[in-house]
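Working notes, structure below.
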């Protein structure tokens, strides 16, 4: 992986985290915040990178992206949101990358499986951890549960909808590159 790809990917991660952390503070309705619409793209980015690069390289990008996002997140978001987000992102993105690579090794031809399963499992833990850490003792439990359900349903929908994007960027481009090399 080139330094340019590392830096660009880490900056994109950081920007996605920062913007999602800012927008999660604004509810769309009783079930959903604006952060739910942006955060799933971090999973798409890790999946695209994981298709081409090693687990260690992708995890390095995740860690650098987190480091770049810490101070801006603290500045623009409530401290509970900042802590919950950074902690959750660190834990869950590692889970996502590890699940993706495990499925890639076990089911090499099932690209849609690794893209969707890694994202859906990781998104579940992301959603529950984030909302429980950020809003426990602040919001009533039933409101937190509603936010978890709404947020997760959006993430599931976006995970399914991003499958063609993953295919075009990660699979199709890879196949095209291999054909042109031969």
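Return yes or no: is residue 59 within 13 Å of the chain's Cα centre (by Cα), buried (at least 17 other Cβ atoms within 10 Å of the Cβ), within 26 Å of residue 108 (Cα to Cα) and free of Cβ contacts under 8 Å to residues at least 40 places away in the same chain? Yes.
Suppose we filter the range 18-39 for residues that are farther than 20 Å from residue 82 by Cβ and in contact (Cβ under 8 Å) with a residue 12 or more places away in the chain; how many remain?
So the first thing to find is which residues in the range 18-39 are farther than 20 Å from residue 82 by Cβ, and the list is 28-32.
Next, only the ones that are in contact (Cβ under 8 Å) with a residue 12 or more places away in the chain stay: 29-32.
Final tally of qualifying residues: 4.
Among the residues making up the range 66-114, those that are surrounded by fewer than 19 Cβ atoms within 10 Å (Cβ to Cβ) and part of a loop (DSSP other than H, G, I, E, B) are 78, 107, 108, 109, 110.
What do you reckon, is residue 139 more than 15 Å from the chain's Cα centre (by Cα) and not in a helix (DSSP H, G or I)?
Working: more than 15 Å from the chain's Cα centre (by Cα): yes; not in a helix (DSSP H, G or I): yes.
Yes: the conditions hold for residue 139.
Against the conditions (1) touching a helix residue (DSSP H, G or I) at 6+ places or on another chain (Cβ under 6 Å); (2) assigned to a helix (DSSP H, G or I), residue 1 satisfies every one except (2).
Each reported figure results from applying straightforward, stated rules to the coordinates on display, with no laboratory input. Keep in mind it's a predicted model, so treat the numbers as computed, not measured. Positions of Cβ are generated from backbone atoms using ideal geometry, with glycine treated the same way; all protein chains shown enter the neighbour counts.
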